[in-house]
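Since the structure comes first, as structure tokens, the remarks are kept for the end.
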Amino acid sequence: MHKHNRRNFLLGASATAAALGLAACGGEGAGSGGPDPDAEPSELTVGVAMPTQTYERWVADGDNIKAGLEEKGFTVDMQYADDDIPTQQQQIDQMVNSGVNALLIASIDGASLSAQLEAAAAAGIPVIAYDRLLTDSENVDFYVTFDNYKVGVNQANALMFGLGLLDESFEPAGDAPEGPLNVELFAGSLDDNNAHLFWQGAIDTLQPYFDDGTLVVLSEQMDIEQAATQRWEQETAQKRMETLLTTHYGSGEELAGVLAPADPLSRGIINALQNSGLGPTIEEGLPVVTGQDAEIASIKLIADGVQSSTIFKDTRDLADQAILSAESILNGEEPEANDTETYNNGVKVVPSYLLEVQMVLQSNYEEIMVDSGYYTPEQVEAGQL
């Protein structure tokens with residue numbers, strides 16, 4: 001298979017970093033925790049709160065963060081919350097009470113931790129939001145994430161590339177199929193701030209095609225609330241796809257593609273499509289389905305011509321950036337930011353570092369996922385780690 005130039009798929013944050021001053025977060029008062037610039041790393045503990053172990057990527061994130069911080073000499077208190085908000089609240093309360101020196105939080109619900117963040121600020125403990133923005137609180141010092149709007153742009157472009165509307169350079173294809181093409185839209189969990197950015201990036205990119213009638217959402221479910229998938233659950237996405245097929249595609253209407261914002265949703269959607277007699281592969285009539293997170297099961301599906309695309313967010317890089325940010329804060333320095341405008345959490349604009357993302361297709365998955373050492377050929381062949 002011809003491999004596209006990898007640079008074609010690199011979309012994301014500017015490499016130029018802007019220096020910034022961290023806003024005081026009410027954490028000036030003496031407390032049991034917080035940074036001590038004079039302390040040795042071995043005397044400092046970073047509390048790491050992760051949302052769930054049921055998603056492959058969060059396990060990888062946690063492993064990478066823990067290993068990286070420990071390599072630098074820090075002690076790590078890492079807790080997974082099993083996607084249960086009260087559990088995560090309790091875990092962070094415990095970290096604050098034990099006097100951790102910094103908190104790194106990947107939230108389940110970004111707006112649910114205000115009391116914990118207030119307690120952290122009162123104890124002088126700086127807070128870094130990891131991948132998911134912590135909202136409705138002034139007590140957030142820094143944010144490390146990917147360019148989540150660009151993720152949505154990439155997903156929309158991948159959908160249109162799969163439909164034949166865009167060519168390999170993501171320009172309008174000369175031999176584009178005649179519209180209208182029927183597509184359906186899925187969004188992530190409404191309590192995850194990223195879900196809204198993924199959706200906005202995708203919809204902004206697709207809107208001209210809706211406007212001119214090239215793309216049609218037959219169900220007319222075009223609001224994020226209608227398309228949302230609580231907790232990003234595969235079964236929820238599968239059931240909704242089954243309902244859409246039964247309700248809107250029962251009389252010979254043809255579904256060309258599905259915008260899916262994450263790989264577990266993609267696999268649920270593909271299950272529903274295949275169970276309805278479509279496929280089993282894109283070549284054999286399966287609609288084009290997008291994705292995100294480059295989970296091993298979906299990379300195998302891409303290799304096999306079943307799932308059309310995914311977005312790779314290299315969590316090794318995100319963990320590295322989070323560790324650098326934590327190290328800066330623990331040393332009493334300002335973390336490096338490259339975005340000080342985008343991420344308004346409802347109370348303040350949180351200084352951020354955005355990383356690049358890559359679009360993964362059948363034509364480039366080996367280069368991006370295997371040649372980079374992220375997966376082995378055997379893992380791709382098996383579809384599991």
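The values are calculated or read from the model by the stated rules, or taken from the named source; none is laboratory data. Here the structure is a predicted model, which means the values were calculated and not measured. Positions of Cβ are generated from backbone atoms using ideal geometry, with glycine treated the same way; all protein chains shown enter the neighbour counts. Protein only, heavy atoms only, side chains kept; ligands, DNA and RNA dropped before computing areas. Shrake-Rupley method; radii C 1.70, N 1.55, O 1.52, S 1.80 Å.
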- Qualifying residue in segment 313-333 (condition: open to solvent by less than 20 Å² (accessible area, probe 1.4 Å), within 30 Å of residue 285 (Cα to Cα) and not small (Gly, Ala, Ser)): yes
- Item | Search result, residues across segment 302-311 that are buried (at least 23 other Cβ atoms within 10 Å of the Cβ) and either among the aliphatic types (A, V, I, L, M) or part of a strand (DSSP E or B) (or both) | 302, 306, 309, 310, 311
- For segment 210-217, indicate whether the set of residues that are touching a residue at least 40 places away in the same chain (Cβ under 8 Å), surrounded by 15 or more Cβ atoms within 10 Å (Cβ to Cβ), part of a helix (DSSP H, G or I) and in contact with a Leu (Cβ under 9 Å, 6 or more places away or on another chain) is non-empty. no
- What single numbered condition from (1) open to solvent by less than 50 Å² (accessible area, probe 1.4 Å); (2) at negative phi; (3) modelled with pLDDT of 50 or more fails to hold for residue 73? (2)
- Message: For segment 78-104: of the residues being on the phi < 0 side of the Ramachandran plot and among the acidic types (Asp, Glu), which is surrounded by the fewest Cβ atoms within 10 Å (Cβ to Cβ)?
- Response: 84
- Query: Scanning segment 105-154 for residues that are in a loop (DSSP other than H, G, I, E, B) and of a type in the set (Ser, Thr, Tyr), which turns out surrounded by the fewest Cβ atoms within 10 Å (Cβ to Cβ)?
  - Reply: 112
- Message: Residue under question is residue 42, and the condition is that it be at pLDDT below 95 and part of a helix (DSSP H, G or I); does it hold?
- Response: yes
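Let's see how each residue does on (1) of a type in the set (D, E, K, R); (2) part of a loop (DSSP other than H, G, I, E, B); (3) within 24 Å of residue 89 (Cβ to Cβ); (4) at pLDDT below 50:
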{"site": "13", "(1), (2), (3), (4)": "no, yes, no, yes"}
{"site": "16", "(1), (2), (3), (4)": "no, yes, no, yes"}
{"site": "21", "(1), (2), (3), (4)": "no, yes, no, yes"}
{"site": "26", "(1), (2), (3), (4)": "no, yes, yes, yes"}
{"site": "36", "(1), (2), (3), (4)": "yes, yes, no, no"}
{"site": "49", "(1), (2), (3), (4)": "no, no, yes, no"}
{"site": "52", "(1), (2), (3), (4)": "no, yes, yes, no"}
- Item | Conditions (1) open to solvent by 60 Å² or more (accessible area, probe 1.4 Å); (2) within 21 Å of the chain's Cα centre (by Cα); (3) farther than 30 Å from residue 114 by Cα: number failed by residue 356 | (3)
- Among the residues of segment 37-70, which ones are under 12 Å from residue 100 (Cα atoms) and loosely packed, with under 15 Cβ neighbours inside 10 Å? 43
- Task: Tally the residues that are under 30 Å from residue 305 (Cα atoms) and either part of a loop (DSSP other than H, G, I, E, B) or touching a residue at least 12 places away in the same chain (Cβ under 8 Å) (or both), restricting the search to segment 330-385.
- Result: 28
